[in-house]
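A quick write-up on the structure given underneath.
The values are calculated or read from the model by the stated rules, or taken from the named source; none is laboratory data. Since the structure is predicted, the reported quantities are computational estimates derived from the model, not experimental observations. Here Cβ is always computed from backbone atoms with ideal geometry, including for glycine, and neighbour counts include all displayed protein chains.
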Amino acid sequence: MNGFLGEFLGTFILIVFGTGCGAAANLKKSYAKGANWMYISLAWGMAVTFGVYVAGQFGSDGHLNPAVTLGFAAFGFFPWSQVLPYLLGQFLGAFLGAAIVIIHYYPHFKESSSEDGNSVGIFATGPAINNGLFNFLSETIATFVFIFTLLNLGNFTQGLKPLIVGLLIMVIGQALGSTTGFALNPARDFSPRLAYSILPVPNKGGANWAYAWVPICGPIVGGLLAACLQAVLK
């Protein structure tokens with residue numbers, strides 16, 4: 001239960017901060033409307049930092065990400081017995097976080113049409129250039145770099161390491177994230193996309209489910225490759 005609770009609360013914090021910055025940058029009459037890519041990358045990095053801190057305080061390893069959990073478990077860095085509680089916590093926490101952002105920004109959603117920025121892009125990722133193969137490769141490469149680095153940080157819930165993880169997310173966003181929006185995380189993408197799709201968001205656009213396989217499959221493959229390399233090198 002500690003693993004579930006930590007992952008649930010940590011991922012909840014991650015998504016409140018991350019999708020909250022997406023809403024702030026996109027919705028009409030928000031003071032942050034039109035914020036640049038540096039704002040987005042930094043906000044998501046700090047969202048991960050504080051999510052990891054919260055998760056660690058409630059007894060989990062601060063994965064917040066099925067690609068981390070599955071990659072670590074597949075190559076012996078994490079026990080399989082904990083995988084299901086971690087995954088449940090991540091997907092449920094991400095959904096609740098997105099729901100809270102919808103409530104918080106509800107008047108701004110009412111003021112914004114899909115043309116104004118009221119789109120699934122607040123909650124989930126999409127490609128700058130729609131090319132399924134290369135979008136998949138982008139997510140795979142970015143997640144590989146992320147998780148391989150993560151595997152070499154040791155216990156990343158302690159001390160200043162969550163801040164280092166956040167800075168890692170930020171630089172991945174700046175270096176590799178502008179092709180697909182750097183999901184890196186199936187729960188971070190799927191659950192907020194689902195929340196936007198099924199909750200009563202005013203004036204919303206489509207959820208682009210045709211693309212949703214990319215931020216699910218790409219990160220999982222990237223995580224497995226990174227953990228495989230780590231296991232071979234160790």
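For region 182-212: of the residues being of a type in the set (A, V, I, L, M, F, W, C) and free of Cβ contacts under 8 Å to residues at least 24 places away in the same chain, which is surrounded by the most Cβ atoms within 10 Å (Cβ to Cβ)?
Top of the filtered list is W209.
Quick one: L96 ticks every box in (1) in a helix (DSSP H, G or I); (2) modelled with pLDDT of 95 or more; (3) within 22 Å of W37 (Cβ to Cβ) bar one, so which box is it?
(3)
Taking H104 as the residue in question, decide whether it is surrounded by fewer than 19 Cβ atoms within 10 Å (Cβ to Cβ) and closer than 30 Å to K29 by Cα.
Considered against the rule, which asks whether it is surrounded by fewer than 19 Cβ atoms within 10 Å (Cβ to Cβ) and closer than 30 Å to K29 by Cα, H104 comes out as yes.
Do we have G10 as in contact (Cβ under 8 Å) with a residue 12 or more places away in the chain and either part of a helix (DSSP H, G or I) or of a type in the set (V, I, T) (or both) here?
yes
Take the residues in region 157-170 that are in contact (Cβ under 8 Å) with a residue 60 or more places away in the chain and surrounded by fewer than 19 Cβ atoms within 10 Å (Cβ to Cβ); name whichever of them is nearest to F78 (Cα to Cα).
So the residue we want is Q158.
In region 118-153, which residues are among the aliphatic types (A, V, I, L, M), assigned to a loop (DSSP other than H, G, I, E, B) and surrounded by fewer than 19 Cβ atoms within 10 Å (Cβ to Cβ)?
Of everything in region 118-153, those that are among the aliphatic types (A, V, I, L, M), assigned to a loop (DSSP other than H, G, I, E, B) and surrounded by fewer than 19 Cβ atoms within 10 Å (Cβ to Cβ) turn out to be A128, I129, L153.
In region 171-181, what residues are outside any helix (DSSP H, G or I) and surrounded by fewer than 21 Cβ atoms within 10 Å (Cβ to Cβ)?
Those that are outside any helix (DSSP H, G or I) and surrounded by fewer than 21 Cβ atoms within 10 Å (Cβ to Cβ): S178, T179.
If you take the residues in region 37-82 that are aromatic (F, W, Y), touching a Ser or Thr at 6+ places or on another chain (Cβ under 8 Å) and assigned to a helix (DSSP H, G or I), which one is farthest from K161 (Cα to Cα)?
W37
Of the conditions (1) under 19 Å from G181 (Cβ atoms); (2) surrounded by fewer than 24 Cβ atoms within 10 Å (Cβ to Cβ), A47 satisfies every one except a single condition; which number is it?
Here A47 clears every test but (2).
Taking the condition more than 19 Å from A55 (Cα to Cα), touching a helix residue (DSSP H, G or I) at 6+ places or on another chain (Cβ under 6 Å), part of a loop (DSSP other than H, G, I, E, B) and of a type outside the set (S, T, N, Q), does P215 pass?
No, not satisfied.
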